[in-house]
Amino acid sequence: MATTFETSGHIDNTPEAVIAYVADPRNRPLFFPALKAITDIQGEPTAVGTSWKWTFVALGMEFRGRGRCLSHEPGRLYSFQTDGGIQSTFTYRAQAESGGTKLTVSLEYEVPENAKAKLPAGDRGQKLREEEARRALENLQLILQR
Amino acid sequence: MFPQLLWASFAIAAAAYLLLFLMRVNVSLRLVRLGWLAEAALVSRGLALTLWSLASWEWTPLVACVVVAAATFYWHRTWLVRARADEFCERISEACRGLRLECRYQPGGLALVERQQMLLLGITRLHTRLLLVRVPSPPPRSKVALLVQWLAKQYSGPVPPIPIDLSRPS
């Protein structure tokens, strides 16, 4: 069964600048605390259908997999999916708000039975992923503020 | 026999750590971690004092551990990095661009400017692929702190992590 999580915050920049920044996978290791690297980008980095390899570090282990851009509407929305052992969909929605942007990050993920032994699971795993998404949003606020 | 075993095991652990560092590239050795190892050796020997009194030969490793622990505490923001200086600086400049952080070369390293405050990331080339890096102490919620976190991920410790490929079925 898929688990969903959503967090949002205000960013002092335009929706266009915010979505342009999160849509570039090369920026992601800078604001996602546990994401070490994005490599092997196949295609134009921000385009729909572009895929890449990701490397996450947690608990002394390196988790690797592939990601793929699902949709990109400049200034409005960007979403990508991670394929393989763990399926997750990240969606960033931007709305103009008080001269800046309200950015909402939604995360939907499912840990298949065969990957549960390799990953932090249950409440602990959920808390780790939610904390990661919250910190990523805080870091985006810091990086993108004007 | 116990004291010999204890000192030997800590010496082997430190040697293995150093060897791994020298064998791999794009890794860092944080001097403070060698200090923790030295402190662990001192504490272990201290706890064992009730069972085995200190032999005269043990003063050598004991003093060595005290010196290492004190020195590495003093240099706790100093890393040894196995990377080429030009590649290392180029990667940092790229990360600074991504973080929208002003960064410029200056003698002794890279100047990082945030909110009119300048912090220096000290870089000294010791050998072709060996750098001495002095990491600044930034405020916790700052772009420089994000750069230091990114640096720690890119140049992690010398012990190889366990790789788990989630794109392959188990």
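Only Cα pairs under 8 Å and 6+ residues apart enter the sum, and on that basis the relative contact order of chain B stands at 25 percent. Note on B:Thr50/B:Ile162: beta-carbon distance plugged into 1/(1 + (r/R0)^6) with R0 of 35 Å gives a FRET efficiency of 0.40. Taking a straight Cα-Cα cut-off under 13 Å and skipping sequence neighbours fewer than 8 places away in the same chain, the aspartates and glutamates within cross-link reach of B:Lys143 are A:Glu138, B:Glu102, B:Glu114.
Shown for chain A: lysine pairs separated by 8 or more places, or found on different chains, whose C-alpha atoms are under 20 Å apart, numbering 6.
Amide H to amide H distances under 5 Å link A:Glu97 with A:Lys102, where only residues 5 or more positions off or on other chains count and H is placed in the peptide plane. The angle between the Cα long axis of helix B:85-99 and the main principal axis of chain B comes to about 60°, on a 0 to 90 degree scale. Once the Cα atoms of helix B:2-23 and of chain B are each reduced to a long axis, what angle between those two axes, in degrees from 0 to 90 to the nearest 10, is obtained? Value to nearest ten degrees: 20. Given the DSSP H assignment, sum -39500 (n - 2.57) over each helix run of at least 4 residues in chain B and divide by its residue total; what's the result at 222 nm in deg cm²/dmol, nearest 500? After summing the helix terms and dividing by residue count, I get -16000 deg cm²/dmol. The dipole here belongs to segment B:25-170: it is taken about the Cα centre, uses +1 on the Cβ of Lys and Arg and -1 on the Cβ of Asp and Glu, and is about 360 debye. Each Lys or Arg adds one and each Asp or Glu subtracts one; over the other residues with Cβ under 14 Å from the Cβ of A:Ala23, this totals +1.
For chain A, the 222 nm mean residue ellipticity estimated from helices alone, with every DSSP H stretch of n ≥ 4 adding -39500 (n - 2.57) and the total spread over all residues, rounds to -8000 deg cm²/dmol.
Any read-out appearing in this document is the output of simple, stated calculations on the displayed coordinates, not a laboratory observation. In this text, all values refer to a predicted model and were calculated from it rather than measured experimentally. As a convention, Cβ positions derive from the backbone with ideal geometry for all residues, glycine included, and neighbour counts pool all protein chains shown.
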